[in-house]
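The values are calculated or read from the model by the stated rules, or taken from the named source; none is laboratory data. Worth saying up front: this structure is predicted, and the values here are computed from it rather than measured. Here the Cβ positions follow ideal geometry from the backbone for every residue, glycine too, while neighbour counts run over all protein chains shown. The area values use the complete protein model at the heavy-atom level, side chains included, leaving out ligands, DNA and RNA. Shrake-Rupley method; radii C 1.70, N 1.55, O 1.52, S 1.80 Å.
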2 protein chains.
Amino acid sequence: MRSQGHPRSTGDREADGPRPPFAPRVGLVSPTSPRAASTALLTDHYELTMLQAALASGEAHRRCVFEAFARRLPDGRRYGVIAGTGRVLEALEQFRFGDDELRFLSDHEVVDRQTVDWLESYRFSGHVSGYAEGECYFPQSPVLVVESTFAEGVILETLVLSILNHDTAIASAASRMTTAAIGRPCIEMGSRRTHEESAVAAARAAYVAGFEATSNLEAGRRYGVPTTGTAAHAFTLLYDSEKEAFTAQVESLGKGTTLLVDTYDVRTAVELAMEIAGPELGAVRLDSGDLLIQATEVRAQLDAAGNTDTRIIVTSDLDEYAIAGLAAGPVSGYGVGTALVTGSGAPTASMVYKLVQREDASGHMQGVAKKSKDKTSVGGRKWALRRLSPSGVAQAEVIGIGERPRDDGNDRPLMIDLVRDGEVVDHQDIHEARARHEASRAELPRAAAQLSRGEPVIPTIYEED
Amino acid sequence: MRSQGHPRSTGDREADGPRPPFAPRVGLVSPTSPRAASTALLTDHYELTMLQAALASGEAHRRCVFEAFARRLPDGRRYGVIAGTGRVLEALEQFRFGDDELRFLSDHEVVDRQTVDWLESYRFSGHVSGYAEGECYFPQSPVLVVESTFAEGVILETLVLSILNHDTAIASAASRMTTAAIGRPCIEMGSRRTHEESAVAAARAAYVAGFEATSNLEAGRRYGVPTTGTAAHAFTLLYDSEKEAFTAQVESLGKGTTLLVDTYDVRTAVELAMEIAGPELGAVRLDSGDLLIQATEVRAQLDAAGNTDTRIIVTSDLDEYAIAGLAAGPVSGYGVGTALVTGSGAPTASMVYKLVQREDASGHMQGVAKKSKDKTSVGGRKWALRRLSPSGVAQAEVIGIGERPRDDGNDRPLMIDLVRDGEVVDHQDIHEARARHEASRAELPRAAAQLSRGEPVIPTIYEED
């Protein structure tokens, strides 16, 4: 049955033995996107019709300030986690109307000739500042601020929000999971449960929020997120017996591999796994049933046979609550899929992108805000800092309207320059973002770690000028 | 304030007058994706390590059947709607391991040399059949069946599921919305609430399930989905007065445009809108507040002034329940955002891709299935048809295991050939898919239109050989 003479994989790090089964198997690559295509049409039709009308009337070139913020956190969440900022900057650099985009807009009469001509030479020349990626945020936090003409800034709305709303939703859920895992590694494996490109972004966002690795290969290539994985039930079912399947896997991937032991009978499979790989067996994976009971039984079985270094990985429909419920169990790592990539009940961060300030007819900057009914906004340019206690615990999100809030000594500024005069000045490295998130979360009051529903863990306070 | 001498947009169809504000403004383009890049790494790491082990042991070339299906519909749903099939086929054609992909796999030791060499010449050469796009589906419906060697079929798992799970979740939610809208047009405008590429796919899936148009321009270019849109609150806020904003919009986009009337005071804005555009005003849009009360008031105000042809469009956080709640109101169309692109509570369709049949050591095909605990599958190749009553009403989803179920005369076959010997034979046109969905939904028992939670509207029945 076995083909003859093929070389044993020498590159498989799992074959080296005692490495944890979730050790990153992929190093860092430069975070360049393979998608060089224009991002300009990832935009709502009305952004361009507004542009057309404003160009025609002459108001398109008024100086403006647009802000992205969330009116509230997802229901019951104590904090949120900003992610996607680096992807926004990458998308901004690719926001160009080339021949294909312009031809579509002309042929389909989306906008008039004047507007097409203006778009042809479009380059964003304004400033962008905001929260660094990985930073925690709260209701009304000005997470991204765009200063430009109306024309240059308004057409970025859809793309900015698409990226921030998705990536922030994932990172916010992921952070609760890594908290619940109390130091045990979490692996993102939800690619199959979300759009194929969302999957890549979700892997990136989860990594920022403390996940160790992802199953998604493109996230490894594009962003340098460590990737990992061994085998599924289909592999075991391919063979005429479980023994043949395990033998084939161990021979090819090494004794340090993770064997999936719940295709037929778990106890039999664990016995077989130890018989084939011996005490060096890296890990076994459980993907069904009552994980706490099974993990406890499997641990006892492994230990009794001397496989005390063999880890137990669990992966069946986990979310932050299930992870917390397994805290007392002998579990070495968690693989998380559906709940992660769907934001664990909050698949979008509900951020909005609002015009908050613009030049008036006399050239003065004016704060502006929608007044009608339930969606009132606060006009005026915002700044933000996190007020800390003398011992460094976050006390409040302090937002200054119209001017920077007064720093009372321990406060930490939250906003950094991202783009100046159209040039990206801080590309937001995801490894730095990951460290930043860990520090930002550690600074929050301890109630932030509670999974129960509640209010934001610190209040948002306005300081008006 | 107004710039001089610019040409009035002559291409704006809204300027023509009485067209409905939601009339598609974009014609059809050929459905080619601009993303020519490889899709091969949109794949879980373990698909390739399984491949490696199976290549090494010699079992990789066993003939196999993989099936994509959902064990259940999303909680409480009466039926689901297949979408994404056309995108799966497009992605399959781009599933090639080029130099960049192979270098990543080698450099990062994801798989060994033998596997890299095999992937270099990878071309899918098997067959794919399944449900046509737009078709309704039920628990266990074999919506996509892949026949190939283990090696050729297993590595498609992640990408096939990513696409089907996302697009089907959106179409399934969208179909409930278009049902609830009782013939009034629904417009997809959720791009900003989901990943920027999910947004394009969501617009496509919503169109299949009966939406009239989308705000997403890339969906217009890539798939020929009609696009539409006029203005947001930022446009009104840009101007020193609402009057200047409305005047600028009407002058540029025509009297047939849709004016957003809830930036300040709705009654004042409607008065102003009629004053500026007269009886030809296309529509007004309400985006906040109690939409039923406001629409009723605005309708009375418009009618009293003679603007009986001016439509009322509503767009604030709508889902299928809110749409149904507005059925009695004078509403001309619905714009749907967040609820649509997040699947209205079910952001993924939970489909799985399982090995159900494979060649054994003696060359015979064997049904296979995981036996352990809660995730039991049914082994064996499946076929499906929809059993109809003499009057053409769906009675059951009939699934044959191992052989085609017997057609009792009125039954409608559900599976079509999509790929033969590696060549796509049916690309799944979305306009045909949209018509197919309408017909398939119309065939279901009337209880399918109920929004209340319940069981699937028809049972799934197995016929075993």
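Below, the figures for the structure above:
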quantity: Cβ-based charge dipole, the protein assembly as shown, positive-most Cα from A:PRO445, A:PHE150, B:ASN307; calculated: A:PRO445
quantity: For the axis carrying chain A to chain B: nearest C-beta residue of A, whole Å; calculated: A:GLU197, 2
quantity: At 7 Å out from Cα toward Cβ: A:HIS364 inter-copy label distances (nm, ascending); calculated: 9.1
quantity: Copy-to-copy label separations for A:ASP309, where each label sits 7 Å from Cα toward Cβ, in nm and ascending; calculated: 8.3
quantity: Chain B, relative contact order [Cα under 8 Å, separation at least 6], %; calculated: 24 percent
quantity: Spatially proximal lysines relative to B:LYS370 (Cα-Cα < 28 Å; intrachain offsets below 8 disregarded); calculated: A:LYS243, A:LYS255, B:LYS354, B:LYS382
quantity: Over chain B: helical MRE at 222 nm, DSSP H runs n ≥ 4 each giving -39500 (n - 2.57), nearest 500; calculated: -10000 deg cm²/dmol
quantity: Other-copy label distances relative to B:ILE416, 7 angstrom Cα-Cβ extension, nm; calculated: 5.2
quantity: For A:56-66, mean number of other protein chain Cβ atoms within 10 Å; calculated: 5
quantity: Pairwise label distance in nanometres, A:ILE416 with A:ARG453, each label 7 Å out on the Cα-Cβ vector; calculated: 3.5 nm
quantity: Three-way shape label, the stretch B:416-465, alpha-carbon gyration tensor, a/c 1.5; calculated: oblate
quantity: Nitroxide proxy distance, nm - points 7 Å out along Cα→Cβ at B:HIS431 and A:ARG406; calculated: 6.7 nm
quantity: Å² per residue, accessible surface of chain A at 1.4 Å; calculated: 34 Å²
quantity: Dipole magnitude of the stretch A:230-331 about its Cα centre (Cβ charges: Lys, Arg +1; Asp, Glu -1), debye to nearest 20; calculated: 220 debye
quantity: R0 of 41 Å, Cβ-Cβ distance B:GLU297-A:THR296: FRET efficiency to nearest 0.05; calculated: 0.05
quantity: Rounded, prolate or oblate (a/c below 1.5 giving rounded, otherwise prolate when a/b exceeds b/c) for the stretch A:156-218 by Cα gyration tensor; calculated: oblate
quantity: Accessible area buried at the B-A interface, both sides summed, 1.4 Å probe (Å², nearest 100); calculated: 9800 Å²
quantity: At q = 0.21, 0.24 Å⁻¹, base-10 log of I(q)/I(0) for the stretch A:401-441 (Debye sum, equal scatterers on each alpha carbon); calculated: -0.92, -0.98
quantity: Cα-only radius of gyration and Dmax that characterise chain A, units Å; calculated: 25.5, 84
quantity: Over the stretch A:312-451, relative contact order from alpha-carbon pairs under 8 Å, at least 6 apart, %; calculated: 14 percent
quantity: Check: the stretch A:142-260 dipole with +1 on Lys, Arg Cβ and -1 on Asp, Glu Cβ, in debye; calculated: 360 debye
quantity: Solution diffusion estimate, µm²/s, Stokes-Einstein, the protein assembly as shown, Kirkwood Rh from C-alpha pairs, 20 °C, viscosity 1.002 mPa s; calculated: 75 µm²/s
quantity: Inter-centroid distance (Cα atoms) of the stretch A:368-428 relative to the stretch B:113-138, Å; calculated: 49 Å
quantity: Other protein chain Cβ atoms within 10 Å, averaged over every residue that makes up B:150-159; calculated: 3
quantity: Those residues of the stretch B:90-120 for which accessible area with every protein chain present is at least 10 Å² below the isolated value (1.4 Å probe); calculated: B:ASP100, B:GLU101, B:PHE104, B:HIS108, B:GLU109, B:VAL110, B:ASP112, B:GLN114
quantity: Descending principal axes extents, the stretch B:180-345, alpha-carbon based, whole Å; calculated: 40, 33, 23
quantity: Student exercise, the protein assembly as shown dipole from Lys, Arg, Asp, Glu Cβ charges, in Debye to nearest 20; calculated: 1320 debye
quantity: Whole-number percent relative contact order across the stretch B:180-345, with pairs defined as alpha carbons under 8 Å at least 6 apart; calculated: 26 percent
